[in-house]
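I have placed the structure first, in the form of C-alpha cells, so that the comments after it can refer back to it.
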Amino acid sequence: MRGMDLHAKYPALSDLRARARARIPRFVWDYLDSGTGVEATKARNRERLDRVRLMPSILHGEFTPDISAPLFGQMHALPVGIAPVGMSGLIWPDAERHLARAATQAGIPYALSTVASQKPEDVGPHLNGQGWFQLYPPRDPEIRTGMLNRARAAGFGVLVLTVDVPVGSRRERQARSGLTQPPRLTPRLMAQVARCPTWALGMASMGMPRMRLIDDYAGETKGLPSNKHAGYLLRTSPDWDYLRWLRDAWEGPIVVKGVLNGDDAHALEGEGVDAIWVSNHAGRQFDAAPATIEALPEVRAATRLPVIMDGGIEGGLDVLRAIALGADFVMMGRGWHFALGALGAGGPAHLADILAADLVANMGQLGTKTLFDVRERLIPTG
Ligand SMILES: Cc1cc2nc3c(=O)[nH]c(=O)nc-3n(C[C@H](O)[C@H](O)[C@H](O)COP(=O)(O)O)c2cc1C
C-alpha cells in the first residue's frame, strides 16, 4: 500500500494498535500491552498527557515548521526515538532488524535492550551510528565488561542504564496469560497462535525467539535451570557505585532511564551522566508511580542535562506536550510494536510518517516554527 492509502486507512496509532491486536496471539499481546497491578500508572500516563493544553495562535502567516531535534551531537529528523523493548522478536518476527532499519531510514535513534531477541552484533550494522545500547546490569564484572565491549564494537554509541527495575514486577495480566521465559507453547497458547497465521508463519521461519545476548553467557553460570538465567545474570538492583563504575568504563554518553524526581536527576548530573530519561517503564513496574508527564517539570528544573521522556505517547501532539513541559527528546516503546504488528516490516516507517504529519499539523496551529518554541505556548494548569 502506498503512503497516502496508508494514511487513509491507518491515520493514527490507535488504528495500528487495533490491527496489531488482531494479528498478534493473545499471550504475546498481553506481554506487550500490560502494566502491573490494576494498570493505573499506565492509564495515568495517558490521562495526564490529555490534560496538557497549549494555546494556538492566529495570523502567523505561512511557514514550514522545523521538526528536527539535536541530541548527543547528532541532528535527528524527528524528536522521537524507539525505546528498548525486551524480546521484541516475540512480538513480531525479526522485530529488532525491522526496527533498526526503520530507525536509520527515519533518522531517529533505536535503543536495543539487553534482553532483546537479537544480539548487538546482528542489529548494530543496520543502525548507521543511531544505536543506543540499554543495559540491565549484569552481576558478574567480566560479563558486564564483555557486554559493553560488544555493544561498542557493534557501533552502539550511547549507553542507557535502566534503573526502574530494582526487583521483578508482578504483571498480573501477563501472568494470567501464561507466558513463560523462555516461551513454552501449551495447547491453550497454540490455539491463540493458530488464529494469527502471519505471526505464526514468521515465527516458524525465524525459530522461537530467545534472549540471544544472555544465551551467550548462560554457560558461564553452571547448574542453573535455563529459565533462571536472565534473572541471575542481570543484577537488576544496581547502586550508585555501580553507576560510577559504568561512568569510568564507558566513554560515550550515558543515559539513566527511569528517573521520576528532581533530587535523583540532580544527583545523577553530579555523577557525570549525560542525560536523564524520565520513565515509569510504561506502568509495568510500580502502580503508584506518578505519570511521566507529571514528573517531567520537576526533573527539568533540577538539571541542565538533556531530558528524555516516555510513557503513553501516541502522536505528534503528545510529543509537543512533552517538549512544552521540558523534554528535549521523546521515546516510544509499544507504539513501534503496534506498527509492526499491524503492517509488518513497513509499519514503523508509517508510524514515523504519522508522527511527522501530526507534528507539522499541530505546530501549524500553534504558530511555532521550531519544536522548542512550543514551551511558550503552554497553558499553565491550576
Ligand atoms: C513489552 C515491553 C518490554 C520492555 N522492555 C524493556 C527493556 O528491556 N528495557 C528497558 O529499559 N525498558 C523496557 N521497556 C520500557 C520501554 O523502554 C519504555 O520505557 C516504555 O515502553 C515507554 O512507554 P510506551 O510503551 O507507552 O511508549 C519495555 C516496555 C514494554 C512495553
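Close contacts from the stretch 271-291, counting a first residue that is of a type in the set (V, I, T) and a second that is within 14 Å of the ligand (Cβ to nearest atom) and in a loop (DSSP other than H, G, I, E, B), with Cβ to Cβ under 9 Å and a gap of 6+ residues or different chains, come to V278/L260; V278/G311; V278/A327.
Scanning the stretch 364-382 for residues that are touching a Phe, Trp or Tyr at 6+ places or on another chain (Cβ under 9 Å) and in a helix (DSSP H, G or I) turns up just one, G364. Here L148 fulfils each of the conditions (1) modelled with pLDDT under 95; (2) under 23 Å from V255 (Cα atoms); (3) assigned to a helix (DSSP H, G or I) apart from (1).
Selection of the stretch 308-322 for residues being surrounded by fewer than 24 Cβ atoms within 10 Å (Cβ to Cβ) and farther than 20 Å from V85 by Cβ yields G316, L317.
In a residue-by-residue description of the stretch 101-110, the property of being within 24 Å of P166 (Cα to Cα) and either small (G, A, S) or touching a helix residue (DSSP H, G or I) at 6+ places or on another chain (Cβ under 9 Å) (or both) applies to at least one position. What do you reckon, is P109 within 10 Å of the ligand (Cβ to nearest atom) and either among the aliphatic types (A, V, I, L, M) or surrounded by 22 or more Cβ atoms within 10 Å (Cβ to Cβ) (or both)? Spelling it out, it is not the case that P109 is within 10 Å of the ligand (Cβ to nearest atom) and either among the aliphatic types (A, V, I, L, M) or surrounded by 22 or more Cβ atoms within 10 Å (Cβ to Cβ) (or both). Based on what the data block shows, is R170 closer than 15 Å to A95 by Cβ, touching a Ser or Thr at 6+ places or on another chain (Cβ under 7 Å) and of a type in the set (D, E, K, R)? So R170 fails the test. With the structure loaded, tell me whether E121 is among the acidic types (D, E) and surrounded by fewer than 24 Cβ atoms within 10 Å (Cβ to Cβ) or whether it fails that test. So E121 fits the description; yes. The residue that is surrounded by the most Cβ atoms within 10 Å (Cβ to Cβ), among those in the stretch 165-207 that are closer than 25 Å to I143 by Cα and of a type outside the set (S, T, N, Q), is V165.
Going through the stretch 267-282 one residue at a time, which ones are part of a strand (DSSP E or B) and more than 12 Å from the ligand (Cβ to nearest atom)?
Answer for the stretch 267-282, where residues must be part of a strand (DSSP E or B) and more than 12 Å from the ligand (Cβ to nearest atom): A275, I276.
Taking the criterion of being over 15 Å from the mean Cα position of the chain (by Cα) and either in a strand (DSSP E or B) or closer than 14 Å to G335 by Cβ (or both), the only residue of the stretch 99-114 that qualifies is A106. The helices (runs of 4 or more DSSP H) located wholly in the stretch 171-266 that include 1 or more residues which are in contact with a strand residue (DSSP E or B) (Cβ under 8 Å, 6 or more places away or on another chain) and modelled with pLDDT under 95 occupy 212-218, 229-233.
Might you check whether a residue that is away from the ligand (no atom under 16 Å from the Cβ), part of a helix (DSSP H, G or I) and in contact with a His (Cβ under 8 Å, 6 or more places away or on another chain) occurs anywhere in the stretch 116-124? No, the stretch 116-124 has no match at all. The single condition among (1) of a type in the set (A, V, I, L, M); (2) in contact with a Pro (Cβ under 8 Å, 6 or more places away or on another chain); (3) over 17 Å from G335 (Cα atoms) that M87 does not meet is (3). Residues of the stretch 187-219 that are of a type in the set (D, E) and touching a Lys or Arg at 6+ places or on another chain (Cβ under 8 Å): D216 alone.
When residues in the stretch 321-360 are screened for being more than 18 Å from the chain's Cα centre (by Cα) and either outside any helix (DSSP H, G or I) or modelled with pLDDT under 95 (or both), 2 of them pass.
Among the residues making up the stretch 332-381, those that are touching a Lys or Arg at 6+ places or on another chain (Cβ under 9 Å), within 16 Å of the ligand (Cβ to nearest atom) and not small (G, A, S) are R334, F338, P348. Looking only at residues of the stretch 149-164 that are hydrophobic (A, V, I, L, M, F, W, C) and surrounded by 19 or more Cβ atoms within 10 Å (Cβ to Cβ), we find that the one that is nearest to the ligand (Cβ to nearest atom) is V160. Taking the stretch 1-95 as the region of interest, none of the helices (runs of 4 or more DSSP H) fully inside it holds 1 or more residues being in contact with a Lys or Arg (Cβ under 6 Å, 6 or more places away or on another chain), surrounded by 13 or more Cβ atoms within 10 Å (Cβ to Cβ) and small (G, A, S).
The values are calculated or read from the model by the stated rules, or taken from the named source; none is laboratory data. These numbers were taken from a predicted model, which means no experiment stands behind them. Please note: Cβ atoms are built from the backbone with ideal geometry, for glycine as well, and neighbour counts cover all protein chains shown.
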